[in-house]
Amino acid sequence: MKYIVLLFLSLIMLFSCESKEKKTEKPKVVVNKEPIIKDYGFIFNDFKVIKDTIKSGDNLSLILGKYTLPDSLKTFDAVEKVRDSFNPRKIKIGKPYLLFFNKEKPNELKALVYINNKIEYSVLDFRDSVNVSNKKKPTSLKRRTIAAEIEGSLSETLSKAGVSPGFASKLAKVYEYSIDFFKIQKGDKFSVTINERFIEDSIYVGIENVESTYFEHKGKKIYAFPYKIKSDQKVADYYDENGNGLKSMFLKAPLDYFRISSRFSGRRFHPVQKRWKAHNGTDYAAAHGTPIKATASGVVERAGYTSGNGNYVKIKHNSTYSTQYLHMSKILVRNGERVSQGQIIGKVGSTGLATGPHVCYRFWKNGVQVDPFRLQLPNAEPMNEKDKAKYLTYIEPLKKELDSVMKNKFRE
Ligand SMILES: [Zn+2]
């Protein structure tokens with residue numbers, strides 16, 4: 001009503017002015033109306049709302065104790081009643097919370113909303129006794145395919161395309177065996193189909209999953225589709241458009257962090273024996289106790305000790321390849337045991353002929369010791385024909401989609 005009267009008065013003034021000075025600018029009539037803010041099931045306009053964060057030493061009693069609660073509710077009783085559905089210990093330093101106060105009595109706390117993360121929150125409502133509800137904001141998935149050309153780094157390019165730059169490391173992981181991401185360059189292109197999660201259709205949470213990717217590096221074109229061959233498989237593996245695994249059969253090294261202290265060579269001065277002889281392995285120096293991983297899946301052919309090798313493990317991967325790991329401080333597998341790629345089979349040590357803690361990694365191809373760095377190593381086990389047929393049917397529409405988005409974006 002107030003607004004209408006104001007509007008009416010302004011209009012009269014406007015007209016009266018206009019009749020006298022015709023050339024003056026028309027004053028704008030602005031009716032300010034407070035926007036309605038709704039969130040966490042509350043209309044903010046009905047309260048005095050304060051946002052705070054949990055600080056070191058804070059607890060629920062301490063926070064509630066600063067204010068009065070409706071209907072002479074005592075802090076102690078409120079905390080006790082809350083306990084069944086909201087563990088006060090759940091409160092973590094740095095987490096935000098909202099306090100909803102009575103607009104008329106600003107020290108009277110009507111409700112507290114503890115924000116656990118972007119999606120989950122708890123409402124402690126004191127308006128009618130004590131009610132607790134643990135809630136989730138409604139979220140939805142949006143699917144899209146983007147295509148882009150590399151400009152600057154991969155994360156910069158993703159960021160320009162409106163994709164979370166953190167996705168760069170995921171993409172680099174998918175292609176870790178086929179593309180050196182330190183060498184990507186202008187002119188390289190890619191496209192991806194992703195599902196992204198949003199809260200209430202507007203607030204970005206992050207990438208939920210990847211359906212397909214395509215990368216063009218120095219003219220080399222590589223598709224990658226995540227796929228689970230076995231239904232109980234936890235993590236999907238990536239395959240190309242022909243069903244070949246993108247992972248290499250072998251890890252690049254048996255350790256995560258290391259320094260190569262001696263390479264495979266026909267002739268080197270042996271540090272312990274003090275004479276020139278061939279070194280049929282690669283030495284990876286690392287701290288005593290560092291976990292050693294099987295570089296490929298296979299069966300433990302020998303787990304034992306000799307005076308030269310110290311504690312060692314030899315794994316047969318198939319009829320062509322075997323690997324051996326020497327000087328372990330501890331062996332963690334047994335003869336005949338089946339091991340998977342990346343499984344920890346022992347710990348770094350200096351048993352046998354060794355001057356310091358390291359793994360001597362030895363590699364056999366058809367019974368001959370070779371330097372794995374000089375080999376073109378095979379990809380992971382291929383799919384069987386039945387799985388492959390299923391896979392190819394599954395990826396057909398996904399591939400078409402990537403191709404058409406690429407074609408539209410980079411039409412010549
Ligand atoms: Zn060695």
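The values are calculated or read from the model by the stated rules, or taken from the named source; none is laboratory data. These numbers were taken from a predicted model, which means no experiment stands behind them. Counting neighbours? That spans all protein chains shown, and the Cβs are built from the backbone with ideal geometry, glycine included. Protein only, heavy atoms only, side chains kept; ligands, DNA and RNA dropped before computing areas. Shrake-Rupley method; radii C 1.70, N 1.55, O 1.52, S 1.80 Å.
For the residues Lys170, Lys110, a 1.4 Å probe over the protein chains yields an accessible-area ranking, largest first, of Lys170, Lys110. Can you give the FRET efficiency for Thr355 and Ala278, using 1/(1 + (r/R0)^6), R0 = 30 Å, r = Cβ-Cβ distance, to the nearest 0.05? So the FRET efficiency works out to roughly 0.95.
Excluding ligands, DNA and RNA, the accessible surface per residue across the chain is 60 Å² with a 1.4 Å probe.
Modelled this way, with points 7 Å down the Cα-to-C-beta line, the labels at Asn209 and Glu301 are 4.0 nm from one another.
Using 25 Å as the Cα-Cα cut-off, could you pick out the over-long pairs in Lys173/Lys218; Lys38/Lys110; Lys51/Lys74; Lys186/Lys252; Lys314/Lys390; Lys221/Lys247?
Numbers: Lys173/Lys218 19 Å; Lys38/Lys110 16 Å; Lys51/Lys74 23 Å; Lys186/Lys252 27 Å; Lys314/Lys390 36 Å; Lys221/Lys247 16 Å.
With Cα atoms farther than 25 Å apart: Lys186/Lys252; Lys314/Lys390.
Considering only protein heavy atoms and a 1.4 Å probe, what is the carbon-and-sulfur percentage of the accessible area of segment 264-412?
Values: 4080 of 8300 Å².
With neighbouring chains kept in place, the figure for segment 264-412 is 49 percent.
Cα extents for segment 283-348 along the principal axes, largest to smallest and rounded to whole angstrom: 31, 24, 20.
Please go through segment 190-297 and write out the GluC sites (Glu not before Pro) that DSSP classes as loop and that have at most 14 other C-beta atoms within 10 Å.
Working: sites: Glu196, Glu200, Glu208, Glu211, Glu216, Glu241; in loops: Glu200, Glu241.
Hits after loop and neighbour filter: Glu200.
When every Cα-Cα distance of segment 38-136 is counted in 10 angstrom steps from zero, the calculated P(r) takes the values 15, 55, 29, 1 percent. For Lys142, a cut-off of 21 angstrom between C-alpha atoms picks up these lysines, skipping any fewer than 8 places away in its own chain: Lys118, Lys160, Lys170, Lys399, Lys400, Lys409. Taking 7 Å steps out from each Cα toward its Cβ at Leu62 and Ile260 produces label points 5.5 nm apart. For segment 324-412, the C-alpha radius of gyration divided by 2.2 N^0.38 Å, with N the number of residues, is 1.83.
Dividing the convex hull volume of the alpha-carbon atoms in segment 68-114 by its residue count gives 85 Å³ per residue.
Percent of C-alpha pairs per 10 Å bin in the chain, short distances first: 4, 15, 16, 15, 17, 15, 10, 5, 3, 2, 1, 0.
Stretched out straight at 0.36 nm per residue, the stretch from Thr393 to Lys136 would grow longer than its current Cα-Cα span by 88.8 nm. Annotation: Met249 carries an accessible surface of approximately 20 Å², with a 1.4 Å probe and no ligand, DNA or RNA atoms counted. In loop segments of segment 304-412 as defined by DSSP, the trypsin sites (Lys or Arg not before Pro) with at most 13 further C-beta atoms inside 10 Å of their C-beta are Arg334, Arg411.
Two-decimal Rg/Rh of segment 169-266 from alpha-carbon positions, Kirkwood Rh? If you can, show how the numbers build up before the last one.
Numbers: Rg = 17.1 Å, Rh = 16.1 Å.
A ratio of 1.06.
Counted as membrane-span-like here are DSSP H helices of the chain whose alpha-carbon atoms extend 18 Å or more along the helix's own axis and whose Kyte-Doolittle mean is 1.0 or above; these are 2-20. Across the chain, the relative contact order, built from alpha-carbon pairs under 8 Å that are at least six residues apart, equals 10 percent.
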